[in-house]
Amino acid sequence: MSVVTIEKPVLEPTGALSVETVLSVRHWNEHLFSFRITRPASFRFRSGEFVMIGLQGDNGKPLLRAYSVASPSWDEEIEFLSIKVQDGPLTSKLQLIQPGDQIYLGRKPTGTLVTDALLPGKRLFMLSTGTGLAPFLSLSRDPDVYEFYEEVVIVHSVRRVSDLAFHDELAAKWQEDPLVAEQAGKQFHYVPTVTRETFRNNVRIDALIENGKLFEGISGVSKFDPETDRVMMCGSMEMIKQFGAWFEENGFAEGSNAAPGAYVIERAFVG
Ligand SMILES: Cc1cc2nc3c(=O)[nH]c(=O)nc-3n(C[C@H](O)[C@H](O)[C@H](O)COP(=O)(O)OP(=O)(O)OC[C@H]3O[C@@H](n4cnc5c(N)ncnc54)[C@H](O)[C@@H]3O)c2cc1C
């Protein structure tokens, strides 16, 4: 029997890109996977930022896309959570990566889903749909976040139960995490919701806000308060537009790295 081996190209670092090694891959379902790669000593980022990653394209040049880092800034490895778009230029290939494979990593992470872009507050709400969860996985494992906020909430809205990536770790409040287990045990809240299958919450985020379920178990009032609440949003354009407008109307000012505010979004994220 002959074994067919597919030759993988050897990637070359450039001024803007380093070449890293895939360490592990976890497939959540046919639409979603996560993977960990090596972290170069020179790679510094703030929890919540994104970076360009990619593979070699058919023309021999790097084929890159923006990805939120899903691991916290202190982690020795870097983790990403990815969609699988069947005819997507990058993810049709990226979903096939295996440990030992090479991948490009941009040298300049950036982004607005960072605590620097928010004013001080008491409760931090991170609202996400789909892969928009990624930056919040990073932030919810960062000890600084628990110093800055008394309560830290991730809301994750997906279509199917199997889309709830990292559900068990989040539901367990990161109890296996070496740095934040103790603080997260007291201060972290996870509110998953599934819109197209049976689940304990199966309404969209707006309905969770309206019926007050989003605030269950969280101290303080059962509605958003611009004086004390800070909000980050990441995911589908529809969600970001809808909630961005709602927060503006309700006294929240959008923040940026230059001028911190009460809420921040990652504008270009498609999720
Ligand atoms: C700032 C920023 C951060 C991002 N972070 C992530 C991340 O952490 N994880 C991630 O999977 N993607 C992320 N994306 C999207 C990512 O850059 C790519 O679009 C995605 O990897 C698909 O690449 P592709 O070449 O296969 O297809 P593309 O040609 O890039 O996209 C094809 C189509 O697939 C859909 N699509 C693309 N990305 C998603 C998604 N994440 N969820 C649902 N539908 C999508 C859109 O309809 C898009 O038009 C981010 C984008 C931006 C701008």
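The table below lists the values:
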read-out	value
Residue check, Ser71 under 30 Å from Asp116 (Cβ atoms), in contact (Cβ under 8 Å) with a residue 24 or more places away in the chain and touching a helix residue (DSSP H, G or I) at 6+ places or on another chain (Cβ under 8 Å)	yes
Filter result (within 12 Å of the ligand (Cβ to nearest atom) and assigned to a loop (DSSP other than H, G, I, E, B)) within the stretch 104-114	Pro109, Gly111, Thr112, Leu113
Residue in the stretch 199-216 that is at pLDDT 95 or above and among the polar types (S, T, N, Q) present	no
Among (1) assigned to a helix (DSSP H, G or I); (2) surrounded by fewer than 18 Cβ atoms within 10 Å (Cβ to Cβ) - the single one Ile240 does not satisfy	(2)
Selected residue (criterion: farthest from Asp142 (Cα to Cα)) from residues of the stretch 56-78 that are open to solvent by less than 20 Å² (accessible area, probe 1.4 Å) and touching a Leu at 6+ places or on another chain (Cβ under 8 Å)	Gly57
Cross-chain or 6+ apart pairs with Cβ under 7 Å, the stretch 226-237 first and without any contact (Cβ under 8 Å) to a residue 60 or more places away in the chain, then near the ligand (Cβ under 9 Å from one of its atoms) and open to solvent by 40 Å² or more (accessible area, probe 1.4 Å)	Met237/Val270
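The values are calculated or read from the model by the stated rules, or taken from the named source; none is laboratory data. Quantities reported herein were computed from a predicted structural model and do not represent experimental measurements. Quick reminder, even Gly has a Cβ in these numbers, built from the backbone with ideal geometry, and neighbours come from all protein chains shown. Surface accessibility is based on the protein's heavy atoms, side chains included, excluding ligands, DNA and RNA. Shrake-Rupley method; radii C 1.70, N 1.55, O 1.52, S 1.80 Å.
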